[in-house]
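Have a look at the structure below, then the notes.
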Amino acid sequence: MRDKEIKELAMERFRNLLDMASPVFSRDPERARRYVEIALNIAEKVNLRPPSIEKLWICKRCLTPIIPGKTGRVRIRPEHGSKLVITCLECGGIKRIPLSKRKINK
């Protein structure tokens, strides 16, 4: 297999594991964390950078998939420019993502 094919396969498996983790969490949280851990290991082995939108919904501290309202709280804070604040309800980990204003073309 070529390097490109390996990375495509790894990305496909990474996404499949993350898609499986969210619905499983309500029944078996430990299995969901294991799915996330395996997905991150696959990405690391192939030297693949996971998409930022998918990394956004994984807690770095406890590897819990963040599901708004169940395992995570999502807020928008206006201080010092707007920020998206995602809080993990399992371990208390916090992610702050700056929100930039969109530029309007004149």
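Laboratory data are not the source of any read-out in this text; all were calculated from the coordinates shown. Just so it is clear, the model here is predicted, and its values are computed rather than measured. No Cβ is skipped: glycine too gets one built from the backbone with ideal geometry, and neighbour counts run over all protein chains shown.
Comparing mean-square fluctuations of A43, A32, A21 from a GNM of the chain with C-alpha springs under 10 Å, the top value falls on A43. Compared with the dominant Cα axis of the chain, that is its longest principal axis, helix 3-24 is turned about 70°.
Rounded to the nearest 500, the helix-only mean residue ellipticity at 222 nm of the chain stands at -13000 deg cm²/dmol, with each DSSP H run of n ≥ 4 adding -39,500 (n - 2.57). When the chain is treated as a GNM with alpha-carbon contacts under 10 Å, the residue of P68, P51, P78 showing the greatest mean-square fluctuation is P78.
Return K4, K95 ranked ascending by Cβ neighbour count within 10 Å, so the fewest neighbours appear first. Don't skip to the answer; put the middle values down first.
Working: K4 8, K95 20.
Result, fewest neighbours first: K4, K95.
In percent, rounded to a whole number, the relative contact order of the chain is 18, using alpha-carbon pairs under 8 Å and six or more apart.
In plain terms, the residue of S100, S82, S22 with the fewest other Cβ atoms within 10 Å comes first and the most crowded comes last, giving S100, S82, S22.
Each of P50, I94, T64 was scored by the projection of its Cα onto the charge dipole of the chain, and the greatest displacement toward the positive side belongs to I94; charges sit on the C-beta of Lys, Arg, Asp and Glu. Around the Cα centre of the chain, unit charges on the Cβ atoms of Lys, Arg, Asp and Glu (plus for the first two, minus for the last two) sum to a dipole of about 680 debye.
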